[in-house]
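First up is the structure itself, then whatever we jot down about it.
Each reported figure results from applying straightforward, stated rules to the coordinates on display, with no laboratory input. Note that this is a predicted model, so its numbers are computed, not measured. Cβ placement follows ideal geometry from the backbone for every residue including glycine, while neighbour counts extend to all protein chains displayed.
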Amino acid sequence: MPKQIAIYGKGGIGKSTTTSNLSAALSDLGYSVMQIGCDPKNDSTTTLRKGKSIPTVLDTVRKRSSDLDELVHEGYNGIYCIEAGGPEPGVGCAGRGIIAAIELLNTNGVIDEYDPDIIIYDVLGDVVCGGFAMPIRKGIADQVYTVTSSDYMAIYAVNNLFKGILKYSNNGGALLGGVIGNSIKSSLQEDMIKDFTDKTDSDVIQFVPRSPTVTRCELDGVTTIEGAPDSEQAEVYRNLARKVIDNKNKFLPTPFDNDDLSDWASGWINKLLVNEKIEKDNIQEGSSGI
Amino acid sequence: MTCKKALENKSGILTNVENFERDSVEAPRYSCALAGVYGTTLGIRGGIPILHSGAGCGVGQLFGTLYAGGESAGGNEGGTSTPCSCLVEEHVILGGEEKLRNLIESTIEIANDDLFVVTSGCVPSLIGDDVDQVVDEFRDKAAVIHVNAPGFKANSLEGYNLFWDAIIDQLLPDDAGDIEEKTVNIFGIVPYNHVYWKGDLLTIKTLLESIGIKANIIFTQKNGLDHINRIPSAEYNIVVNPWLGVRAVEKLKEKYGTPFIKFPNVPIGAKQTAEFLRKVGEKLSVPSQTVEEFINQKEDWNYRLMEYPGDAIILVRPNSFYAVAAESSYAIGFTKFLANELGYLPDIIQITDNPPVEVRNEILDEIKNNLDTVVEPDVVFEADTYKIRKNLEDRPFLFLFSSSIESPTSIEDYNALHIPISYPIYNKSVLVKHYAGYDGGLTLVEDIVSSFVGPL
Ligand SMILES: Nc1ncnc2c1ncn2[C@@H]1O[C@H](COP(=O)(O)OP(=O)(O)OP(=O)(O)O)[C@@H](O)[C@H]1O
Ligand SMILES: [Mg+2]
């Protein structure tokens, strides 16, 4: 049985970037990896494929093709890349699309055939409907990771995801493996995320700094692991990969009520603002000397 | 589990009018909103339903609506020939608009019909297909409307209301044009769901004709679209139901200023029919002499006819208790007829069409205040067949007027003779039979007496 994990988090927070780098790092460590993008945008695996997108599972449904070889495309270092795909923006039901795609992959022996050591689901945004909760239901992923920054809305989304995990936990659904703090610029941001996980009976597995290397590699159509393997940032992703492999944690998080969450956040946000101002003033003082 | 516990005493009558709430219903005596629109459309000659739904929705209604309505097939446009987008998973995920567009186009091309009723079921409503926009593309090519009728939104009876909302909002012109005097439109009788709809509508038409009023009954009439287009020019609208068609006549009043006359029920038998004719005659300024002459002439023969079975009734089943389980309008009509014209005793009246809370007291009052009898019936709002049956246990009634669901076991379960008068009726072919008007009341007497005389 492969290890199956699902990566969730607010839209644009860095799920696909983190997932792809995690896949690449795991692959470098010698594991056979399958990455499944669960997002109609179809962009989860592009940096594993030199910036090129691949036909999606739902494209084959759309074309009524039964050629399952079209579903899996090899990426960096032989990583199996799959995109669930979905409808055009504004039509149809993307949630049902995720369900159909995952069912198709599971019932047609696609996953068995490739027999990867680890499968990573990169799932879009908030868990807006049942379809996007599919990967955390019984029998799919065993661990969920959530990506967040120190932005209130990102943490808010994590808190909501925790509620989703709780809902499915009674029926053998996936539990929390840990929180990935992304785009970190200061230790205070780390403290805030750490405090959130303390308060919700969960834990941070890795902090990933905000880094221009990531952006540069993305523009070249590659992951940081591929494009800048010797960078500090690549080492961070390799660290994450090693931890994920060893991580046996399955937290049953205790999310905040919405009101409590905003009360908790307002204290931290004030601190962060003050901190930002001090940093800015320091830079200005420094530059005035030139 | 008898209903009595849940009933409260409301000025002498036991009822649950205030507290009827439900989250699950066993074998309800209605289907879903889509079914109501479907049946209503098939009642219009030259109307063709275009179902935007899964394939099962249409086929299901062949059994759930058409056969249930007195074993009636759907004609050229219904049943298995119904145009349907037959949505499958692919359309759920990617949207079903394109398939619908093709379906409307080909239906307009090959069907010999005038009115195209695109009916959205659960799937397009859940995934948010922009059906209005697709339908808009065809509005200049044919008379086409869109009725958004997901099954989860409402029952089949409300589907009738949704149908009229769409006709009035999307098809009828803004301006009424010339008003034609002494003309009326009839609302409140639902094709198929009111099993005797064909005969009842035609009877109302003939009755009104007899006092010089032209009734546009829309359904059953050749060239149905012409009849729909004539709706704005009526002098009055008439609705014969406490809640079905009421929204339509209110809308028409708002849109064209057409006044309406509201009756709680389809008139059954001489007394109700006379009352109906008098009120319509008065509103439409028919000389009362004309009305009274017609009523006298009808009553003369009606009551002579009533004397024929009189002996059988008096000797075998005089002053019997009876139970009714039927849709609002017919429950009211039958209950009044049986008490006021046959001298029968109302035991329990169950209203099965789940009318909105706002009209339940109206229905209750109508029954309470118009019975010529010392016995006050329990009036129960109940849609669940299991509970309807439970409510019938341990009661004195000898006749049960309800759907064919109770037919096979009425004697065994309640020791009562059964007369099928309400949806669903699977055990009778219903064509011209009806209970409206003079003949209708007499037909009911025939049915009742036939159930206990003989066998040789
Ligand atoms: N640690 C980081 N340092 C710098 N840039 C980052 C970092 N993480 C993510 N980004 C950038 O943020 C942007 C959004 O990232 P990404 O597409 O991975 O987010 P996502 O959560 O998958 O978004 P979506 O919800 O739209 O799928 C990208 O341009 C990415 O390069
Ligand atoms: Mg993404």
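Amide H contacts of B:His418 (H built 1.01 Å from N, in plane; Pro and chain starts excluded): B:Leu400 sit under 5 Å, all sequence-distant by 5 or more or on other chains. Counting only other chain Cβ atoms within 10 Å of each residue's Cβ, the peptide A:93-106 averages 3. Scaled against the 2.2 N^0.38 Å expected of a compact globular protein of N residues, the Cα radius of gyration of the protein assembly as shown reads 1.27. Modelled this way, with points 7 Å down the Cα-to-C-beta line, the labels at A:Asp201 and B:Glu180 are 7.4 nm from one another.
In this simple spin-label approximation, A:Arg210 and B:Val59 carry label points 7 Å from Cα along the Cα→Cβ vector, and these lie 5.8 nm apart.
Summing Lys and Arg as +1 and Asp and Glu as -1 over all other residues whose Cβ lies under 12 Å from the Cβ of A:Asp191 gives a net charge of -1. Each Cα pair under 8 Å and six or more residues apart adds its sequence gap; the mean of these over the residue count of chain B is a relative contact order of 20 percent.
Considering only the Cα atoms of region B:372-421, their convex hull presents on average a projected area of 3.9 nm².
Each residue in B:Val134, B:Val246, B:Val240, B:Val195 was given a count of other beta-carbon atoms within 10 angstrom of its own, and listing them fewest first yields B:Val246, B:Val134, B:Val240, B:Val195. Kirkwood radius and radius of gyration were both taken over the C-alpha atoms of region B:197-285, and their ratio Rg/Rh is 0.93. The C-alpha atoms of chain B occupy a region whose extents along the principal axes are 67, 54, 46 Å, arranged from largest to smallest. Once the Cα-Cα distance is subtracted from the 0.36 nm per residue extended length, the B:Leu456 to B:Glu89 segment shows a gain of 126.1 nm.
Roughly speaking, what is the centre-to-centre gap between region A:241-265 and region B:238-280 when only Cα atoms are used, to the nearest Å? Between the Cα centre of region A:241-265 and that of region B:238-280, the gap is 63 Å.
Listed by Cβ neighbour count within 10 Å, with the fewest neighbours leading, B:Asp113, A:Asp246 appear as A:Asp246, B:Asp113.
The rule of thumb for compact globular proteins, 2.2 N^0.38 Å, goes into the C-alpha radius of gyration of chain A 1.02 times.
Rounded to the nearest 0.05, what FRET efficiency is calculated for A:Asp230 and A:Asn170 with R0 set to 56 Å and r the Cβ-Cβ distance?
Efficiency, from the Cβ-Cβ distance: 0.75.
Stretching A:Val274 away from A:Asp191 to a fully extended chain increases their span by 28.4 nm, per 0.36 nm per residue minus the current alpha-carbon distance. Remark: relative contact order (region A:3-256) = 25 percent; criterion is Cα-Cα distance under 8 angstrom and separation of 6 or more residues.
Between B:Gln289 and B:Ile411, what is the FRET efficiency for a Förster distance of 60 Å, r being their Cβ-Cβ separation, to the nearest 0.05? Once rounded, the FRET efficiency stands at 0.75. The C-alpha atoms of chain B define a longest principal axis, and helix B:328-340 lies at about 20 degrees to it. Between the helical axis of A:94-107 and the longest alpha-carbon principal axis of chain A there is an angle of about 50 degrees.
Only DSSP H runs of four or more residues enter the estimate; each adds -39500 (n - 2.57), and after division by the residues of the protein assembly as shown the mean residue ellipticity at 222 nm equals -13000 deg cm²/dmol. Residue order for B:Tyr386, B:Tyr38, fewest other beta carbons within 10 angstrom first, comes to B:Tyr386, B:Tyr38. The simple Förster model, with R0 at 45 Å and r as the Cβ-Cβ distance, assigns B:Trp301 and B:Arg139 a FRET efficiency of 0.30.
For region B:33-154, the convex hull spanned by the alpha carbon atoms encloses 87 Å³ per residue. You can think of it this way: the chain between A:Asp220 and A:Asp259 has 9.7 nm of extra reach, that is 0.36 nm per residue less the Cα-Cα gap. Projecting the Cα atoms of B:Ile186, B:Pro309, B:Leu87 onto the charge dipole of chain B, computed from C-beta unit charges around the Cα centre, puts B:Pro309 farthest toward the positive end. Annotation for region B:21-101: GluC sites (Glu not before Pro) lying in DSSP loop with at most 10 further Cβ atoms inside 10 Å of their Cβ are B:Glu21.
With the alpha-carbon atoms of region B:264-322 aligned to their principal axes, the span from lowest to highest coordinate is 45, 26, 12 Å, starting with the largest. Across region B:98-168, C-alpha contacts under 8 Å between residues 6 or more apart give a mean separation that, scaled by the residue count, equals a relative contact order of 33 percent. The angle between the Cα long axis of helix A:187-199 and the main principal axis of chain A comes to about 60°, on a 0 to 90 degree scale.
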